[in-house]
Amino acid sequence: KKKKKSKKVTIGIDGDPVGADVLRVWAATSSYTKDVAIGDLQIQKASDSLRKIRNVARFLLGNTHDFHGRSDVKLRPLDRYMLSLLRDTTRSTFEAYENFNFGHGFRTLLDFVNNDMSSFYLDSCKDLLYGDPEDSERRRAAQYTMLEALRKITLCVAPVAVFTAEDIFEHTPSTLWHRNEDVKSVFQH
């Protein structure tokens, strides 16, 4: 008997393969209460969502590189507001995850990243990040807030996009995570 050759199946966008995290995002955000669709459109949406989180994380990493974890900064009202939104988002995201509602949790995180962080907070901080002196109180307050956002976003994305979370964690200086040499993974936090 001749063996049949199996067909190679590639999941991707227009024939280009995508990473495991994109598939995890797609699976997490798919409604399991009805037929689940997969195709270029669904994979593209998952890829775009993950790309948005990665880009925001890259911006946060780039603008906190010279911050040394000081928590004695004087926060502006805008910084305190963002930290409050961040706390609420983190709580809501993990509550959804604990109830196995990964789609709602991930979308809550994504809404925060898109609307509150990227479109609002980071846009309002660009002038002071690039124009203020390196040690200005406003700049340090924004950096403190951005570092807290980076930590929480990384922890919130970790259950769904494990490689992305590890990548962010590995590129963040250990002093900014307040970690010792024994902590090798975001999943040890």
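The values are calculated or read from the model by the stated rules, or taken from the named source; none is laboratory data. Note that this is a predicted model, so its numbers are computed, not measured. Cβ coordinates were reconstructed from backbone atoms using ideal geometry, including for glycine residues, and neighbour counts include every protein chain displayed. Areas reflect the complete protein model, heavy atoms only, side chains present, ligands, DNA and RNA absent. Shrake-Rupley method; radii C 1.70, N 1.55, O 1.52, S 1.80 Å.
Note on the range 88-111: residues that are small (Gly, Ala, Ser) and open to solvent by 30 Å² or more (accessible area, probe 1.4 Å) amount to 1. Of everything in the range 39-53, what is among the small types (Gly, Ala, Ser), out of contact with any strand residue (DSSP E or B) (no Cβ under 8 Å at 6 or more places or on another chain) and open to solvent by less than 20 Å² (accessible area, probe 1.4 Å)? Give them in sequence order. Across the range 39-53, the qualifying residue is only Ala46. Over 12 Å from the mean Cα position of the chain (by Cα) and at positive phi: does that describe Phe67? Judged against the criteria, Phe67 is not a match. Would you check if there is a residue in the range 125-133 being open to solvent by 40 Å² or more (accessible area, probe 1.4 Å), touching a residue at least 24 places away in the same chain (Cβ under 8 Å) and either hydroxyl-bearing (Ser, Thr, Tyr) or assigned to a helix (DSSP H, G or I) (or both)? No, because not a single residue in the range 125-133 is open to solvent by 40 Å² or more (accessible area, probe 1.4 Å), touching a residue at least 24 places away in the same chain (Cβ under 8 Å) and either hydroxyl-bearing (Ser, Thr, Tyr) or assigned to a helix (DSSP H, G or I) (or both). Here Ser92, Ser30 are screened, and the one residue that is out of contact with any strand residue (DSSP E or B) (no Cβ under 7 Å at 6 or more places or on another chain), more than 28 Å from Thr145 (Cα to Cα), hydroxyl-bearing (Ser, Thr, Tyr) and modelled with pLDDT of 80 or more is Ser30. Scanning the range 75-113 for residues that are free of Cβ contacts under 8 Å to residues at least 40 places away in the same chain and not in a helix (DSSP H, G or I) returns Asn99, Phe100, Asn101.
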